[in-house]
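Values in this text are rule-based calculations from the coordinates and carry no lab data. From a predicted model like this one, the values you see are computed outputs, not experimental measurements. Cβ atoms come from the backbone with ideal geometry, glycine included; neighbour counts cover every protein chain shown.
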Amino acid sequence: MGQIVKISGPLVVAEGMGDASMYDVVRVGPQKLIGEIIEMRGDRASIQVYEETAGLGRGDAVESTGAPLSVELGPGMMENIYDGIQRPLEQIRSRYGDLIARGIEVSSVDREKKWEFTATAAVGDKVSGGDILGTVQETPVVLHKIMVPHGVSGEVTAIKSGEFTVEQTVATVKTADGKREITMIQKWPVRSGRPYREKIMPNVPLQTGQRIVDTLFPIAKGGTAAVPGPFGSGKTVVQHQLAKWSDVDIVVYIGCGERGNEMTDVLREFPEIKDPRTGESLMKRTVLIANTSDMPVAAREASIYTGITIAEYFRDMGFDVAVIADSTSRWAEALREMSGRLEEMPGEEGYPAYLSSRLAQFYERAGRVKTLGGDGTRLGSISAIGAVSPPGGDLSEPVSQATMRIVKVFWALDSGLAYRRHFPAINWLNSYSLYEDVLSDWLNDNIDKKFSAQRVWAMGILQAEAQLDEIVRLVGMDSLSPDDRLTMEVARMVREDFLQQDAFSDTDAYSSTKRQYALMHILREYHIRAQDAMSRGVGINDVLGLPSREKIGRAKNVTGDFENAYAEIERDIISELAGLTRAAAAGSDTSAKEVQS
């Protein structure tokens, strides 16, 4: 027990806390507000409080729980929406009304609901941490695996199938220290990463259905990515699309300091979206962490760690998990505020000197791993995608620069593209992916052996357009050579007919990687064959006026059997250009005869 000696916003300083430890959870004041010790100096503890501190006074009691901030892990998390410290908002609303009173204590996982537990282990089995004892069908699409807690190993002496609450014993394990009763719920400290057997190279792409991502700037399963952009450029739009369409088993969506209406959009949209992989509602495999901008800033940090810990738990079951954090800049602002109140030496622009290390601690918990338990072949992954909100879109500010040094994929959003209604508004000249080489083998083997070559061609066309664009602005399009005019037109087709995607179209909102390759193949074939036709005397205006170009523009909205439809478009292109080439040859022969005569 200690006593408050200082209050500064979400920071509370208490004396008499000599027996407490760093990162212990404490209860502050008569309302038992939840806080966490973030600094110890002698018996004086600095505490960040995750609830509003109004009404606290000097001399109020502070009591340490003796345990770090932890999350409860077990059946019942799926389809739930939590605040930053894993309090279930739906249960709070049903019990206490629309407003969250301070000091409320509600179990993160329902203690009363009974789950059908199906045992997969048997009496006499030797088990250790991470081994699967049984399963629970948590939702129609998520088979929740009940694992032996880490640190427990021994022989199963009792296990049975049936209906149980999360606190009832489902198995008993005889360990070196005696019998251990296993329930379906675990606790884990959020600041400590869950252990695994081995981290492996992320060499399988995370297929998102977004053409500019999958084709030009891919991310691997177990990879890290950042989505920076100014206000209104579509960060939330991009993250919603990734959450909806990525080929992952579980989505953990963290709203970190964002506006409440954005989380409301998620809550309204996700239950109505039909998951293309399962046919069920997308919420059946989603966990939401909601920490909005009007909640205490200290809870932003807790929400990030809560989300990544829940993701690690599902990763250990062998699932592929996507963690969507919107936005890490709000978390960095909370770190800056707490650092200032702690009177620490500030770094660049007032951010703490340890900003980069804190960001790295979050992103390094992503990855593709061989999990503990079993025979060592169970694989799981966490793909971490964080939004960055630089003021005015200035990517030179500290949070953007620190994030760029950590993540492997950078999808730079452009407000100019967003204002032109080009979505996703990812700027192809400022973005990059360091997974291209690692993923090339998988894409060439599983999609088409020319996939990497096609990506190189597309980027070359877009970069050539950027160089020619300066000339066009100065002296106009007519001053360009025919080859350059063709390059500009093909680049426009790549931008509008390939990169631009309609999230409200049932056909265009999601595009499989095979379909992306086939669509890009049409564009490339048009470019190559048009160049050949022009070298044989066909005029640029004839090439640009092909009737089949209209079909290319509509190709991304083709429903049904796209492969045959795209093959027919390609045949039309070849046929029409061949006709132009024959006509040009006939015309040149006639001209030669006239000269001779």
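Things worth noting here:
- Listed residue (Gly18, Thr118, Pro88) projecting farthest to the positive dipole end of the stretch 1-121, Cβ model: Gly18
- With Cα atoms as the point set, the stretch 5-44 shows a radius of gyration and Dmax of 9.6, 26 Å.
- Coordinate range along principal axes, alpha carbons of the stretch 1-70, Å, largest first: 26, 25, 17
- Working note: Cα atoms of the stretch 68-122, range along each principal axis, descending, whole Å: 46, 27, 17.
- 0 to 90° range, to nearest 10: angle between helix 482-493 axis and the chain longest Cα axis: 40 degrees
- Summed residue charge, Cβ within 10 Å of Gln501's Cβ, Lys/Arg positive, Asp/Glu negative: 0
- Using alpha-carbon coordinates, inclination of helix 328-341 to the longest axis of the chain, degrees: 40 degrees
- When the listed pairs Lys113/Lys235; Lys126/Lys244; Lys284/Lys556; Lys274/Lys514; Lys32/Lys370 are checked against a 32 Å cut-off, the alpha-carbon distance exceeds it for Lys113/Lys235; Lys126/Lys244; Lys32/Lys370.
- Mean shadow area of the stretch 462-550, taken as a quarter of the surface of its Cα convex hull (nm²): 6.8 nm²
- The helix-only estimate of mean residue ellipticity at 222 nm for the chain, built from DSSP H runs of length n ≥ 4 each weighted as -39500 (n - 2.57), is -11000 deg cm²/dmol after division by the residue total.
- Under-5 Å amide H pairs with Thr292, H placed in peptide plane, nonlocal only: Gly257
- For the stretch 273-431: rounded, prolate or oblate by the Cα gyration tensor [a/c cutoff 1.5]: oblate
- Qualifying GluC sites (Glu not before Pro) for the stretch 37-139 [loop in DSSP, other Cβ within 10 Å: at most 11]: Glu105, Glu112
- Average projected area [Cα convex hull, the stretch 490-595], square nanometres: 6.8 nm²
- Positive-end extreme of charge dipole, the stretch 32-116 - chosen from Ala54, Gly76, Leu99 (charges on Cβ): Ala54
- Cα extents for the stretch 1-122 along the principal axes, largest to smallest and rounded to whole angstrom: 52, 40, 17.
- For the stretch 125-254, average projected area of the Cα convex hull in nm²: 11.3 nm²
- GluC sites (Glu not before Pro) within the stretch 300-381: DSSP coil, no more than 15 neighbouring Cβ in 10 Å: Glu343, Glu344, Glu364
- The stretch 307-348 shape via C-alpha gyration tensor axes, a/c threshold 1.5: prolate
- Our note on the geometry: Cα centres of the stretch 89-156 and the stretch 529-583, 58 Å apart.
- Helix 451-475 vs. the chain, principal-axis angle (Cα, 0 to 90°, nearest 10): 70 degrees
- For the stretch 435-572, a crude dipole built from +1 on the beta carbon of Lys and Arg and -1 on the beta carbon of Asp and Glu, taken about the Cα centre, is about 160 debye to the nearest 20.
- Inter-centroid distance (Cα atoms) of the stretch 277-355 relative to the stretch 1-50, Å: 22 Å
- D (Stokes-Einstein, µm²/s), Kirkwood Cα radius, the chain, 1.002 mPa s at 20 °C: 80 µm²/s
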